[in-house]
Every structure is written in C-alpha cells, then in structure tokens.
1. How many Å² of accessible area per residue for region 94-163, probe 1.4 Å?
2. Counting only other residues whose beta carbon sits under 13 Å from that of G64, what net charge do I get with K and R as +1, D and E as -1?
3. Report, in debye and to the nearest 20, how large the dipole of the chain comes out about its Cα centre when Lys and Arg carry +1 and Asp and Glu carry -1 on their Cβ.
4. Not counting the cut sites, what is the longest span of the chain without GluC sites (Glu not before Pro) that DSSP labels loop and that have at most 12 other Cβ atoms within 10 Å?
5. Can you give me the C-alpha center-to-center distance between region 52-90 and region 199-272, rounded to a whole angstrom?
6. What is the calculated FRET efficiency for R303 to R218, with r their C-beta to C-beta distance and R₀ = 35 Å, to the nearest 0.05?
7. Of the accessible area of region 99-248, with the probe set at 1.4 angstrom, what percent is carbon plus sulfur?
8. May I ask you to derive the FRET efficiency for K204 and T168 from their Cβ-Cβ distance with R0 = 25 Å, giving the value to the nearest 0.05?
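The values are calculated or read from the model by the stated rules, or taken from the named source; none is laboratory data. Note that the structure is a prediction, hence the values are computed from the model and not measured. Here the Cβ positions follow ideal geometry from the backbone for every residue, glycine too, while neighbour counts run over all protein chains shown. These accessible areas exclude ligands, DNA and RNA; they are computed on the full protein's heavy atoms, side chains included. Shrake-Rupley method; radii C 1.70, N 1.55, O 1.52, S 1.80 Å.
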Amino acid sequence: MHRLYRRVRRAQARFPERPIRLIIPWAAGGPADGGFRILAEASAKKLGQPVAVENKAGASGVLGAIALQEAKPDGYVVSQMHMSVLRQPLLNPQLPYHPIKDLTYILQITGFVMGVVVRTDAPWRTLGELLDHAKANPGKLNYGTLGIGSTQHLAMERIGLARSLSWTHAPYRGTADTLRALLGGEIDFASESSGWAPMVMAGKLRLLAVFTAQRAKRFPEVPTVRELGMDIVVESPGGLIGPRNMDPAVVAVLADAFRAAAQTPEHLKFLDNMDQPLLLLEGPAYREAMTRTLEEERTLLRRLNLMSG
C-alpha cells in the first residue's frame, strides 16, 4: 500500500506532461457526449493539462475501445466506457479486443435513463396503446436506437419477446441522430437514453415509459415498463477506460481527476437535467462488475437469439 502511494505521488509529479486525448464514441450532441465534455473540461483543471475530446461515432460505439488497442498504456489516450463496448464482442467475435482483458477500467461514473418516446402528434398516448398497435400491425412500425445490439435495442427486443411483437429496427449513429429521425418522421418511435428530456419538456416528444426501476424524477407521471406488467429493468452504467496494462499510479491520477470532475456543480446539474444517476465505482470494482455483467449479457443475447453458440 505504501509502495502504491509513493508511485501515485511520483506519477502525480510527472503525469500528465502533455494533453490527454479523450475519445467519445458517439456523434456530438447526445447526452453521453455532453456529459463527458463537461468532465473533460473539469478534469483538465485538476490535471493541469488539456483533455481534448475526439468524437468517433459509428460501429455501435466501439471505435473508442478499438482505438485503445493501438494506444500506448501511458494514460494519454482514454475513452468513454459504455455497455456496447462490453456487448459488441459477443455479437461480433471478429472485433479486435476482449472487453475485460484488453482494457483498463479507470472509473465508473454514471448511468442512463432509457425510455420510449414518440412525437406529440403520434396517436399513442401510452406504451400499452403503442404495443397494441404493433400487435395488430406486425412488422409495420419502425423504431430507432443508436445501434444494433445497443442497450436501447435490446430493451425493445425484450419487450417484443414478452408481448410476441414484430417491428422494424432502424439503427442510427447516436442519440441526436435518432431523435432527429423521429422528429422528421423517418421512424414511428424511439428507444433512447434521456437525450429526449429537453424535447419532452418542450412538448416536441411524448415519453411513454422508462426502463428504470423507479420513475424518473422530472417525469413522475410516466410509468416504468415494470409497472406496465413487464419485468424489464434496464440500467446502463458507463465510465472511463484506457488501454490494457496501464500503470496503476497513472490510473489513480486519472481516477482522482475524473472523480472530482464528476462531482462538480456543472456536472451534477447536467446529470440532474438528464435524469442520470451518479454511480461512482473505483477501477477494480468496476472491472469486477463488468466481468459479471459480461456473462449476464452472454446469457441474454443467447436467449434473444442474437448470438450463436
């Protein structure tokens, strides 16, 4: 313990000596992008070096994890962690990384509130009405998420299985693109994280249900999916990762900076506005939790017939 403390002190003295590159694997403008931009600015003040944000959208959000495979484990390249990074290797075994062995877990930071939204001119005022329409019109409804195998996609697949429904999934590059498609009439509804909150508050979208265990604080009139008779609760913790084999002392420096950034008034206000919980968890415990979750995901994907073997 004393040795690690001395290493952390030495790392603090020399790291970072240049800007840090933070990869956000989504298009700019969504809730994941917005929150991590706040974290980048706040953590830079503590680190004494800029934290430069680089958006790498596409490939269901795994381009950050892929980029880490070629990065030096020196702490100067890090990325946002989210559930697709864990799940996509199960869906595509050819991806060039293992979600546990090939990444360093630095800090779990927050989670996301998922929900089902429609335009305010849509004929469905409740999720039950939407599902009844889908039942009576198999295959005719189109819905959007931020990618095949995303948490939002699997949430709707679980509902589809529970109610024996069929509909058409339309993947988009990010939450902002999904919601633009919904507003533009390309899709009938969206299963998305709480980037819809401002549009719901402004009366542009209608929130039919949320996937969380409890109702969202700002939308207490909106039921949970579980309340509607389906035992489906979807949580999506996310945080910060780096290349494998990072020096624990450097990890500690980054974790300290991002932990402090996560608790700044600016970030807490953002989380409150997005109805996102603060879910701080240190690197080793984060890695252990994701190891368990990986096996749970494997079981779920097989049950949904989304992976072979």
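1. Heavy-atom accessible area per residue stands at 37 Å².
2. Residues near G64 contribute -2 overall.
3. Working: 37 positive and 29 negative charges, 152 e Å.
For this selection, approximately 740 debye.
4. The reported range is 71-220.
5. Each part reduced to its Cα centre gives a spacing of 19 Å.
6. Details: r = 33 Å, r/R0 = 0.94.
Efficiency at R0 = 35 Å is approximately 0.60.
7. Result for region 99-248: 49 percent of the exposed heavy-atom area is carbon or sulfur.
8. Computed FRET efficiency for K204 and T168: 0.60.
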